Number of protein chains: 2
Amino acid sequence: MNQALFLGGPARLRHPARLHSIALTYGTYDLFHIGHVRLFERIRQRYDRLVVAVSTDEFNAIKGKRSVVPFADRVAMIQACRHVDEVIAETDWDQKARDITAYGADALVMGSDWTGHFDEFRTLCDVVYLPRTEHVSSTELKTDIVSRALAPTPMAHPT
Amino acid sequence: MNQALFLGGPARLRHPARLHSIALTYGTYDLFHIGHVRLFERIRQRYDRLVVAVSTDEFNAIKGKRSVVPFADRVAMIQACRHVDEVIAETDWDQKARDITAYGADALVMGSDWTGHFDEFRTLCDVVYLPRTEHVSSTELKTDIVSRALAPTPMAHPT
């Protein structure tokens with residue numbers, strides 16, 4: 001852990017040459033959906049730069065998760081989002097603390113479904129949980145898709 | 001149909017005050033995926049502005065299609081894409097010709113899965129079919145999701 005982060009006491013240190021604020025957020029973003037977009041938009045209303053860390057397929061495997069969309073495509077989707085300034089890979093459990101320090105991040109921001117889960121990082125930066133969009137998640141999308149496939153309703157066209 | 005479009009003969013007329021080129025594309029964009037993003041990116045490499053028309057839920061119903069994601073969310077997803085300059089609603093079959101005329105569009109650009117389907121508009125503007133990303137479509141994504149749900153594999157986490 002970078003000692004310099006604590007030299008200033010309770011007030012956060014910001015790199016002296018940097019005038020803009022930086023927020024970090026983390027996720028898999030398997031099916032990129034409106035909930036992600038709205039979260040990114042809300043973060044950018046509060047901070048000047050948003051860095052999004054996307055879990056690699058290998059890290060997800062460690063977590064027992066497997067996404068439908070491969071890592072490279074998930075990254076490209078997030079990179080194409082106009083609210084996002086930079087995309088990085090999340091490869092291990094200890095990365096968040098390293099990233100907060102390396103970026104001099106002002107805040108770690110997550111959806112409110114994660115409330116409390118990242119409070120350990122409050123020693124390093126602000127930890128903010130923003131309201132998530134109701135009734136929208138990759139899991140709910142997948143459930144809708146599966147129920148429709150099993151029901152006698154035609155699926156939408158590829159476009 | 002706007003007669004002015006034909007006054008110049010085979011060469012396309014462009015609004016005299018307009019120096020940038022405009023492309024139009026159309027779709028439902030039910031599950032927004034990397035194929036859409038790459039198509040938009042390729043279009044913006046060739047034209048200065050990209051206007052994306054998103055089929056309304058009502059228009060899709062007329063076509064016998066029903067998307068998983070509602071119209072407003074599909075529009076918001078496309079609006080958040082950095083390669084897109086403007087999003088409009090597509091509400092009826094005759095709209096393409098009207099849009100081409102109203103925007104003075106230089107090209108109607110579609111994925112190559114639509115090759116030949118829109119050649120009727122060649123009297124109004126260029127009609128370009130760009131290669132689509134292989135093995136990526138909303139339908140293929142849905143098929144993957146359904147097969148995984150029916151197989152004993154854990155689904156990915158909501159984020």
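The values are calculated or read from the model by the stated rules, or taken from the named source; none is laboratory data. Source: prediction; values computed, not measured. In this analysis, Cβ positions are derived from the backbone assuming ideal geometry, glycine residues included, and neighbour counts consider all displayed protein chains. We work out accessible area using only protein heavy atoms, side chains counted, and drop any ligands, DNA or RNA first. Shrake-Rupley method; radii C 1.70, N 1.55, O 1.52, S 1.80 Å.
Residues that are within 13 Å of chain B (Cβ to nearest Cβ) and either closer than 16 Å to A:Asp30 by Cβ or in a loop (DSSP other than H, G, I, E, B) (or both) within region A:116-138 comprise A:His117, A:Phe118, A:Arg132, A:Thr133, A:Glu134, A:His135, A:Val136, A:Ser137, A:Ser138, listed in sequence order. When region B:23-34 is filtered for residues that are facing chain A (nearest Cβ under 9 Å) and not hydroxyl-bearing (Ser, Thr, Tyr), the ones remaining, listed by number, are B:Gly27, B:Asp30, B:Leu31, B:Phe32, B:His33, B:Ile34.
Taking region A:64-103 as the search range and keeping residues that are β-branched (Val, Ile, Thr) and modelled with pLDDT of 95 or more, which one is farthest from B:Arg148 (Cα to Cα)? Talk me through it step by step, then tell me what you get.
Applying the first criterion (β-branched (Val, Ile, Thr)) to region A:64-103 yields A:68-69, A:75, A:78, A:84, A:87-88, A:91, A:100-101.
Next, only the ones that are modelled with pLDDT of 95 or more stay: A:75, A:78, A:84, A:87-88, A:91, A:100-101.
On the way: A:Val75: 22, A:Ile78: 24, A:Val84: 30, A:Val87: 28, A:Ile88: 27, A:Thr91: 24, A:Ile100: 35, A:Thr101: 38 Å.
So, considering only residues that are β-branched (Val, Ile, Thr) and modelled with pLDDT of 95 or more, the one farthest from B:Arg148 (Cα to Cα) is A:Thr101.
Listed here are the residues, each with its yes/no results for (1) open to solvent by 20 Å² or more (accessible area, probe 1.4 Å); (2) assigned to a strand (DSSP E or B).
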position: A:Ala23; (1), (2): no, yes
position: A:Tyr26; (1), (2): no, yes
position: A:Asp30; (1), (2): no, no
position: A:Gly35; (1), (2): no, no
position: A:Gln45; (1), (2): yes, no
position: A:Val51; (1), (2): no, yes
position: A:Val54; (1), (2): no, yes
position: A:Phe59; (1), (2): no, no
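Consider region A:61-77 and keep the residues that are touching a helix residue (DSSP H, G or I) at 6+ places or on another chain (Cβ under 7 Å) and aliphatic (A, V, I, L, M). The one that is surrounded by the fewest Cβ atoms within 10 Å (Cβ to Cβ) is A:Ala76. The single condition among (1) open to solvent by 30 Å² or more (accessible area, probe 1.4 Å); (2) away from chain B (no Cβ under 14 Å) that A:Ile100 does not meet is (1). Kindly evaluate B:Met110 against the criterion of being under 21 Å from B:Phe32 (Cβ atoms), within 11 Å of another protein chain (Cβ to nearest Cβ) and at pLDDT 95 or above. In short, yes. Considered as a group, the residues in region B:47-81 that are of a type in the set (Ser, Thr, Tyr) and in contact with a Lys or Arg (Cβ under 8 Å, 6 or more places away or on another chain) include one that is nearest to the other protein chains (Cβ to nearest Cβ), and that residue is B:Ser67.
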